[in-house]
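A.B. asks: Below are the structure tokens for one structure; questions will follow.
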Amino acid sequence: MKKSFCTLMIFAFLFSVQSHGQEKVKTGNRIPILAWYSIPPDQTTLARYQELKESGITCNLSFFNDAESMSHALDIAEKAGIKMIVYCPELKTAPEKTVSRFMNHPAVAGYMLRDEPNRSDFPELAEWAKKIRKTDDKHFCYLNLFPNYATEEQLGTKSYQEHVDLFIKEVPVQFISFDHYPVLGDSLRANWYENLEIISDGARKAGKPFWAFALSVAHGKYPVATSAQLRLQVFSDLAYGAQGREYFTYWTPLDTTWKFNNGPITLEGKRTVVYDRIREINKEIEALSEVFLGARVISVSHTGIIPQGTRPLTELPKPVRSLKTEGTGAVVSHLENGKNSYLVIVNRDFKNSMTLFIECDNNVRKVFKDGLSAPANAYQARVEVDPGDIAIYRWNTEK
């Protein structure tokens, strides 16, 4: 199984004021959203890339057999307003020459090295990244790490923590990417949030951002992605400070072992219900960029049944007087972004709604997924949060 990363795309939004006490959250930047294993080379048309953009994707990773087909795709992507991660054999065999060829193309986001490396690969990958960055340090080098359920043989280390620490120390990439598919059948992997703890902590200590995935293609024991499952993955990652979103996959792969099915686009090139689901969620991500893009995580904790490797909620930021949840529990994240602070609450149950009881000071506003907000105290203290969904509260911290 694979995944990957994307680049920051900046789009300007206007500030608008609505009636009835609602206001539009100002959004200057947009969270990048990557399609991993995307449009096949033989489907490189403007219509396909426009379809990709319409789904809310900002960045594309497809796998090309030569630099010429890569070049053609970049030209098409530019016309569609999509960024591309460069991937072709020449990037490995002649990195400096290939990077020099593509580095000034407006559609270039970065350069794909490989996916899920073993510890023994780190020295070679480090040298490769250094060669690329010596030629072009404007665009990123992309590498994606294993999840924490990988074996010692896959990792090449005795522990996942050691694997992540050594990668961050030895391989000079600009950000950390990892994949973890938490939804198995109708339940969550027990160690998913522990994986987020390790990655977010390592990235913070290194002074680098991290990006994370949502599984959008069914295969093996992984089900067809529901909106609730996708939201749970997306919003949990963002609550932990992820600065970009990745989907595995966009186009459904042909594979007799995993039997991939029901990605956003089928093997035959038709849209599925998952296409519509990611399009809707991508709109929500875009509208909430003001909350998450560039945010600093103050704390992340949990209510209810405390997941492995995480900590229980013991303290609330001052403007929030009380918070209680019923059911499985929630992720509770305190973020700071510019002049504002946010309390982000994610329902960890993708099958059932969660009852949230929250009381706030008068200066706290409830932020909706369309970017609008209203006084939190205009609402009753009892709030229903849909399966896998999010509740957001904001207050100004400017002194």
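A.B. asks: On the basis of being of a type in the set (Ser, Thr, Tyr), over 30 Å from Asn261 (Cβ atoms) and in contact (Cβ under 8 Å) with a residue 60 or more places away in the chain, does Ser200 make the cut? Can you show your working first?
C.D. replies: On the way: of a type in the set (Ser, Thr, Tyr): yes; over 30 Å from Asn261 (Cβ atoms): yes; in contact (Cβ under 8 Å) with a residue 60 or more places away in the chain: yes.
Here the answer is yes, as Ser200 does meet what is asked.
A.B. asks: Could I ask something else about it? Restricting to the range 149-184, and then to whatever is of a type in the set (Val, Ile, Thr) and closer than 21 Å to Leu215 by Cβ, can you tell me which residue is surrounded by the fewest Cβ atoms within 10 Å (Cβ to Cβ)?
C.D. replies: Among them, the one singled out is Thr151.
A.B. asks: Something else now. In the range 349-399, which residue that is surrounded by 22 or more Cβ atoms within 10 Å (Cβ to Cβ) and among the basic types (Lys, Arg) is farthest from Arg189 (Cα to Cα)?
C.D. replies: Among those that are surrounded by 22 or more Cβ atoms within 10 Å (Cβ to Cβ) and among the basic types (Lys, Arg), it is Arg365.
A.B. asks: Moving on to the next point. What number goes with the only condition from (1) farther than 22 Å from Asp186 by Cβ; (2) of a type outside the set (Ser, Thr, Tyr); (3) part of a strand (DSSP E or B) that Val346 does not pass?
C.D. replies: (1)
A.B. asks: What are the residues in the range 288-313 that are over 21 Å from the mean Cα position of the chain (by Cα) and among the hydroxyl-bearing types (Ser, Thr, Tyr), if any?
C.D. replies: Thr303
A.B. asks: Return the residues of the range 344-360 that are of a type in the set (Val, Ile, Thr) and without any contact (Cβ under 8 Å) to a residue 60 or more places away in the chain; say none if nothing qualifies.
C.D. replies: Passing the criteria: Ile345, Thr355, Ile358.
A.B. asks: Going through the range 353-365 one residue at a time, which ones are among the hydrophobic types (A, V, I, L, M, F, W, C) and not in a strand (DSSP E or B)?
C.D. replies: Once the filter is applied, which keeps residues that are among the hydrophobic types (A, V, I, L, M, F, W, C) and not in a strand (DSSP E or B), the range 353-365 yields only Val364.
Let's see how each residue does on (1) hydrophobic (A, V, I, L, M, F, W, C); (2) out of contact with any strand residue (DSSP E or B) (no Cβ under 8 Å at 6 or more places or on another chain); (3) modelled with pLDDT under 95:
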| site | (1), (2), (3) |
| --- | --- |
| Tyr149 | no, yes, no |
| Gly202 | no, no, no |
| Lys208 | no, no, no |
| Val217 | yes, no, no |
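A.B. asks: Which ones in the range 153-182 are under 16 Å from the mean Cα position of the chain (by Cα) and not in a loop (DSSP other than H, G, I, E, B)? Even if it seems obvious, please write down each step before you answer.
C.D. replies: Taking the range 153-182 first, the residues under 16 Å from the mean Cα position of the chain (by Cα) are 174-182.
Correct list: Ile176, Ser177, Phe178.
So that you can scan it fast, the table gives a plain yes or no per residue for (1) outside the structural domain of Gly185 (by TED's automatic domain parsing); (2) farther than 23 Å from Arg204 by Cα; (3) of a type in the set (Gly, Ala, Ser); (4) more than 17 Å from the chain's Cα centre (by Cα):
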{"residue": "Ser236", "(1), (2), (3), (4)": "no, no, yes, no"}
{"residue": "Tyr240", "(1), (2), (3), (4)": "no, no, no, no"}
{"residue": "Thr256", "(1), (2), (3), (4)": "no, yes, no, yes"}
{"residue": "Phe260", "(1), (2), (3), (4)": "no, yes, no, yes"}
{"residue": "Glu268", "(1), (2), (3), (4)": "no, yes, no, yes"}
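A.B. asks: So in the range 366-399, with the set limited to residues that are part of a loop (DSSP other than H, G, I, E, B), among the charged types (D, E, K, R) and touching a residue at least 12 places away in the same chain (Cβ under 8 Å), which one is nearest to Met354 (Cα to Cα)?
C.D. replies: Step one: filter the range 366-399 for residues part of a loop (DSSP other than H, G, I, E, B), giving 368-371, 379-381, 386-389, 397-399.
Remaining after also requiring among the charged types (D, E, K, R): 369-370, 386, 389, 398-399.
Still in the running and touching a residue at least 12 places away in the same chain (Cβ under 8 Å): 369-370, 386, 389, 398.
On the way: Lys369: 17, Asp370: 21, Asp386: 6, Asp389: 9, Glu398: 32 Å.
The extreme case among them is Asp386.
A.B. asks: Can you spot a residue in the range 48-63 that is within 16 Å of Arg271 (Cα to Cα), hydrophobic (A, V, I, L, M, F, W, C) and under 23 Å from the mean Cα position of the chain (by Cα)?
C.D. replies: Yes, the range 48-63 has at least one match.
A.B. asks: A follow-up question, please. Answer yes or no as to whether Ala12 is small (Gly, Ala, Ser) and either touching a Leu at 6+ places or on another chain (Cβ under 7 Å) or at pLDDT 95 or above (or both).
C.D. replies: Values: small (Gly, Ala, Ser): yes; either touching a Leu at 6+ places or on another chain (Cβ under 7 Å) or at pLDDT 95 or above (or both): no.
No, not satisfied.
A.B. asks: Go through the range 60-80 and give me each residue that's among the polar types (S, T, N, Q) and within 13 Å of Ala35 (Cβ to Cβ). Explain how you work it out, then say what you get.
C.D. replies: Taking the range 60-80 and keeping what is among the polar types (S, T, N, Q), we get 60, 62, 65, 69, 71.
Selection gives Asn60, Ser62.
The values are calculated or read from the model by the stated rules, or taken from the named source; none is laboratory data. It should be emphasised that the depicted structure is a prediction, and the values quoted were computed from it without experimental measurement. In this analysis, Cβ positions are derived from the backbone assuming ideal geometry, glycine residues included, and neighbour counts consider all displayed protein chains.
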